[in-house]
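The values are calculated or read from the model by the stated rules, or taken from the named source; none is laboratory data. Not measured: the values here are computed from a predicted model. Neighbour counts are summed over all protein chains in view; Cβ atoms, including those assigned to glycine, are modelled from backbone coordinates with ideal geometry. Just so you know, the surface numbers come from the protein's heavy atoms only, side chains and all, with ligands and any DNA or RNA stripped out. Shrake-Rupley method; radii C 1.70, N 1.55, O 1.52, S 1.80 Å.
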Amino acid sequence: IYVAVQPNDYAFSRSKTIKAPVSLLFNEVNDFKNWPNFSPWIEQEPDAKLTYGDKTSGVDGTYGWNGEILGEGNMKTIAVEDNTSIAQKIQFIKPFESESNINWTFETTDEGTKVTWGMDGELDFMTKFALMFAGSIEESTGPDFERGLFKLDSVVTASMKKFSVNIDGETEYGGGFYMYKTTSATGTNISQVMGKQYGEIMSYMAKNNIVSNGMPFTIYNEMNTENGNIIMSNAIPILNKVKVEKDSEVLCGFIPKIKVLKTTLKGNYTNLPKAWEATMKHIAESGLVQADMPPFEIYTNDPGDFPNPADWVTEIYIPLK
């Protein structure tokens, strides 16, 4: 009688706020091939046999496992709302048969992305009888969810920190016209200043029907390594010369075809000082001589299209004599 009157269903969840873009976390969870990276159960049995269906992400994605500790089972994604939620069905085959619902939600907050991992299902009489001795499903599985979210945080954070610097060598930059706006900044506020600058340049171009012809770049007119002060011109390439009003803060400039040393950074913009350091070291060791023209860097892909900062690409150009 005691077992019979116990609740016939259960539901619980665990949440963690992670300092990462919502799309990056959603994509990590939505692809089953990533699950061994953060699954608390695979951590307990790393030799378990894993199988994947024809699809590993999105609706109808499937994931199976078979191990001595984990037993045998599979999971299937049944519904997805991009960057918002994932609904899954988990089925245990051995050592006992049962089925539960898995739900993920992703919410953007001021601190990052709140990831919630939940589970719910129905309990038959024999399962309720077993839980009377083993403890509730939340008591046994809740800590695993907490561990999984902790690992998800670690994996995604580590992936965002990856970067590489490659000295591509001497080449020729083709040059061209560009719209630009010059201002000063420091090492601590340069990102905010750049964002404001590019917003004003794009507004001016839209207002005057000026079409861009490439990715944004920054010309470093002066860089004071002692106090960190910077005078820079943020620019957007255009096809032809544009005549601007006399009182306009947005101007039209031109870069001639010139010999340069090119360096490519793949990774977060916070790694740019390391890329510049490697570039200047190469110049000194190779006996190259900088031209009078200031150096510049081009942001070759849009961070809005690449949620992981490790995929951002920046090219540094040092004009040479």
Among Asn101, Asn74, the single one that is in the same structural domain as Gly148 (by the TED database) and over 18 Å from Asp9 (Cβ atoms) is Asn74
Conditions (1) open to solvent by less than 60 Å² (accessible area, probe 1.4 Å); (2) not in a strand (DSSP E or B) -> Lys196 fails only (1)
Cβ pairs under 6 Å, 6+ apart or interchain, first in segment 144-168 and open to solvent by 50 Å² or more (accessible area, probe 1.4 Å), second charged (D, E, K, R) and not in a loop (DSSP other than H, G, I, E, B), ordered by first then second residue, are Glu146/Arg14; Ser164/Lys266; Asp168/Lys262
Considering residues that are within 18 Å of Met215 (Cα to Cα), touching a residue at least 40 places away in the same chain (Cβ under 8 Å) and not β-branched (Val, Ile, Thr), the number found within segment 270-321 is 13
Handout entry: Residue check for Thr56: among the polar types (S, T, N, Q), surrounded by fewer than 16 Cβ atoms within 10 Å (Cβ to Cβ) and within 26 Å of Ala158 (Cβ to Cβ)
Key = no
(1) surrounded by 14 or more Cβ atoms within 10 Å (Cβ to Cβ); (2) under 29 Å from Gly169 (Cβ atoms) all hold for Lys257 apart from (1)
Selection from segment 48-101 of residues of a type in the set (Lys, Arg) and assigned to a loop (DSSP other than H, G, I, E, B) yields Lys55
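A quick yes/no check of all residues on (1) within 13 Å of Gln197 (Cβ to Cβ); (2) assigned to a loop (DSSP other than H, G, I, E, B):
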site: Asn209; (1), (2): no, yes
site: Met215; (1), (2): no, yes
site: Ile219; (1), (2): yes, no
site: Glu222; (1), (2): no, no
site: Gly228; (1), (2): no, yes
site: Asn234; (1), (2): yes, no
site: Lys243; (1), (2): no, yes
site: Glu249; (1), (2): yes, yes
site: Cys252; (1), (2): no, no
>> Would you confirm, using the coordinates I've provided, whether Ile1 is out of contact with any helix residue (DSSP H, G or I) (no Cβ under 7 Å at 6 or more places or on another chain) and at pLDDT below 95?
In response: yes
